[in-house]
Amino acid sequence: MSDEWILETARGPVVLRPEQSADGDFLYALFRSHALPGFAALPIDDAMKESLVRMQFTSQTATYRAQYPDARFLVLECDRTPIGRLVLHEGADAATIVDLALLPHTRGGGIGSAVLGGLVTTLRPRGTALRCTVLCTNEASLRMCRRAGFVPIRESPPHVELEWRP
């Protein structure tokens, strides 16, 4: 794949481009949009919740960079506005979606499906499998993966590993 990649979606073209240092605030806001709701019921103040989210973001960022040093860290943009991210590691036996995340207002509009479809189209001629791990409770992501032709290959609660094969 080239450095920049354009996908056509129901919401118009989506550009996938390499992350840049200037993307830090966006990447934190994206992470926060997914993580903060999980703290809603905790009996702690907002400042503590924010601190916990920041720690998790820092930890996730360091972990992904350490475990997948050769991965492609991409920002998804619509109309030059960041709306999500994709971390893709291409290994010897399979490509792995390490992370695919979209801002809440962009979910459910076909963008995630277009990204999966674009990856499948790219990997099919190479004969390379594509894998991802999804929370067992994330029904929307599981449905999206099933529609793209992924099948479960391993369950390790609270996650299920899925694979698409050419």
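Please treat every number below as a calculation from the coordinates, not as lab data. Here the structure is a predicted model, which is why all the values come from computation and not from measurement. Because the Cβ atoms are built from the backbone with ideal geometry, glycine has one as well, and the counts that use them run over all protein chains shown.
The amide H of His159, built 1.01 Å from its N in the peptide plane, has Cys136 as neighbours under 5 Å, considering only residues 5 or more places off or on other chains. For segment 85-166, relative contact order (Cα pairs under 8 Å, six or more residues apart, normalised by length) works out to 28 percent. In order along segment 74-80, phi translates into HN-Hα couplings of 10, 9, 9, 10, 10, 6, 6 Hz, rounded to whole numbers, per the Karplus curve 6.51 cos²θ - 1.76 cosθ + 1.60 with θ = phi - 60° and x for Gly and Pro.
Taking square-rooted eigenvalues a ≥ b ≥ c of the alpha carbon gyration tensor, is segment 27-75 rounded, prolate or oblate, where a/c under 1.5 means rounded and, failing that, a/b exceeding b/c means prolate? Provide the component values of the computation, followed by the final result.
Values: a/c = 3.33, a/b = 2.34, b/c = 1.43.
The shape class here is prolate.
Rounding to the nearest 10 and keeping the result within 0 to 90°, find how far the Cα-based axis of helix 46-67 lies from the longest principal axis of the chain. For 46-67 against the chain, the angle is about 30 degrees. 3J(HN,Hα) along segment 116-128: 4, x, x, 5, 4, 4, 6, 7, 3, x, 7, x, 9 Hz, from the Karplus curve 6.51 cos²θ - 1.76 cosθ + 1.60 with θ = phi - 60°, whole Hz, x for Gly and Pro. Using the average count of surrounding beta-carbon atoms within 10 Å as a protection proxy, the listed peptides 39-46, 24-31 rank, highest first, as 24-31, 39-46. The calculated 222 nm mean residue ellipticity attributable to helices in the chain amounts to -11000 deg cm²/dmol, summing -39500 (n - 2.57) over DSSP H runs of n ≥ 4 and dividing by all residues.
Dipole size of segment 5-164 about its Cα centre, with +1 on Lys/Arg Cβ and -1 on Asp/Glu Cβ: approximately 360 debye, rounded to the nearest 20. Taking a ≥ b ≥ c as the square roots of the eigenvalues of the Cα gyration tensor, the chain is classed as prolate, since a/c reaches at least 1.5 and a/b is larger than b/c.
In percent, what relative contact order does segment 1-158 have, based on Cα pairs under 8 Å that are 6 or more apart in sequence? Spell out each step's value before the answer.
Details: 181 pairs, mean separation 33.0, N = 158.
Reported relative contact order: 21 percent.
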